[in-house]
Amino acid sequence: MPVPVYRYLAYDLLTGILLEELPLRDVSFELRLNGAGAFSATMPTGFRTRSGVSLNRIYLGATEPLQTALYVERDGVLVWGGWIIGRGRSSENGTITLAGADFFSFLNRQTIETTFTFTVGVDDQFDIVRALVDWLQAQGGGNIALAVTAGDSGVTRDRTYYGYEAKNLGEAISQLAAVADGFDFAVDVGYSSGFPTKTLSLHYPSRGRALADTGHVFETGRNILTYDWPEDGARTANRVIALGAGDGIDMLTTVAARTDLIDLGYPRLSSVLSLKDVSVASTLAGHAQAEVDAYGLPTVAPTVTVQAGAEPSVGSWIVGDQARIRIEDDDLFPAQADGSAGLDVVRRIVAATIRPGEAGDTATLTFAEI
């Protein structure tokens, strides 16, 4: 299969001016559903000059932490975008290291510093997201030209964000998405008239396509190189106490519990969810129920590493898509219904880490329950 061609393009974060194409190596970038995907790379040193100017200085000038937007292009298509957050120099290795994250992480570095009040029956949850992002981009140094998709979800919410509480803006969006009947989001990048664009894409009720529409299959002996199947009970809670607005005995509280799991032999495990910006009981109950549904059992977030050029290849799937995972003749899993060893399940892609290489790129996909 042909080896894809990657380019790494640096732009000024606030002005959008193209700075340089970077000669990066050891690149790893992550696509993530409902969160921020990471980026890392190394850049060799020892370059000569261009028009009498050291290329090392040119590349350093084009990778200033916190001021540089970075886009990853694969065969002419933008597949990742974010900003450089950290940089290091190593005399021993003769390289410069770069670390970054996608553009949603920019929202995680912001605080809400004015009061917003949203009302059930009036304010769609997507309108809340747009209002927060619009406010940020009207502030000095806050405009990174991040668009937000148009349209409504049809679900209205109540929220009050007090400026004096300095609520984290990215966290506010993540919590809004995580409530029962919430939504999915991801940052998508692309070209428009030759210029890179970035969009916070909002999806209701969920992002991605069903298996019947994609036909995505990952299986051992065909496209799976390796797999890991971890089970993690560190955050498991079958009883969630949610705390809302108010203080002391006037605090809004609710409890969501999975007594069916206790009946199955699981021990009682409790956690507390603090949502002080929620003042409506039904909204708080929705958060508590979503939390106990998500973490009532140990989380299983399997990963499979595939040759990214093999079908289904990078670009044919997005985070949110459903896919079939087939692991054959492997007695590390309980016997299937027909008695054969292995696994045959349908899961949802929630993250993917892609590593370009001289022999072709690989993708490590993380899955979750549908």
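The values are calculated or read from the model by the stated rules, or taken from the named source; none is laboratory data. Remember, predicted model here, so these are calculated numbers, not experimental data. Heads up, the Cβs are rebuilt from the backbone with ideal geometry, glycines too, and the neighbour counts pull from every protein chain shown.
Assigned to a helix (DSSP H, G or I) and of a type outside the set (S, T, N, Q) - does that describe any residue in the range 220-235?
No - not one qualifying residue is present in the range 220-235.
Out of the residues in the range 27-55 meeting the condition of being farther than 29 Å from residue 200 by Cβ and modelled with pLDDT of 85 or more, tell me which one is surrounded by the most Cβ atoms within 10 Å (Cβ to Cβ).
42
Matching residues to (1) over 19 Å from residue 208 (Cα atoms); (2) surrounded by 14 or more Cβ atoms within 10 Å (Cβ to Cβ); (3) touching a Pro at 6+ places or on another chain (Cβ under 7 Å); (4) at pLDDT below 90:
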{"site": "315", "(1), (2), (3), (4)": "no, no, no, yes"}
{"site": "324", "(1), (2), (3), (4)": "no, yes, no, no"}
{"site": "337", "(1), (2), (3), (4)": "yes, no, no, yes"}
{"site": "342", "(1), (2), (3), (4)": "yes, yes, no, yes"}
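Step by step: first the residues of the range 68-80, then only those that are of a type outside the set (A, V, I, L, M, F, W, C) and surrounded by 15 or more Cβ atoms within 10 Å (Cβ to Cβ), then the one that is nearest to the chain's Cα centre (by Cα). Which residue is that?
71
Hey, any hits in the range 101-112 for a residue that's assigned to a strand (DSSP E or B) and in contact with a helix residue (DSSP H, G or I) (Cβ under 8 Å, 6 or more places away or on another chain)? So that I can check it myself, show each step before the final result.
Keep residues of the range 101-112 that are assigned to a strand (DSSP E or B), which gives 101-102, 111-112.
Add one more test, that the residue is in contact with a helix residue (DSSP H, G or I) (Cβ under 8 Å, 6 or more places away or on another chain), and what stays is 111-112.
Yes.
To keep it simple, each residue is scored yes or no on (1) assigned by TED's automatic domain parsing to the domain that holds residue 166; (2) within 22 Å of residue 9 (Cα to Cα).
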residue: 98; (1), (2): no, yes
residue: 111; (1), (2): yes, no
residue: 114; (1), (2): yes, no
residue: 118; (1), (2): yes, no
residue: 125; (1), (2): yes, no
residue: 130; (1), (2): yes, no
residue: 138; (1), (2): yes, no
residue: 142; (1), (2): yes, yes
residue: 148; (1), (2): yes, no
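Do we find a residue being of a type in the set (D, E, K, R) and either modelled with pLDDT of 95 or more or in the same structural domain as residue 178 (by TED's automatic domain parsing) (or both) anywhere in the range 272-284?
no
So, in the range 36-75, how many residues would count as being out of contact with any helix residue (DSSP H, G or I) (no Cβ under 7 Å at 6 or more places or on another chain), farther than 18 Å from residue 12 by Cβ, part of a loop (DSSP other than H, G, I, E, B) and in contact (Cβ under 8 Å) with a residue 12 or more places away in the chain?
3
Cβ-Cβ below 7 Å, separation at least six or inter-chain, first residue in the range 162-186 and closer than 17 Å to residue 149 by Cβ, second in a loop (DSSP other than H, G, I, E, B) and modelled with pLDDT under 95: which pairs?
These pairs meet every condition: 176/157; 176/182.
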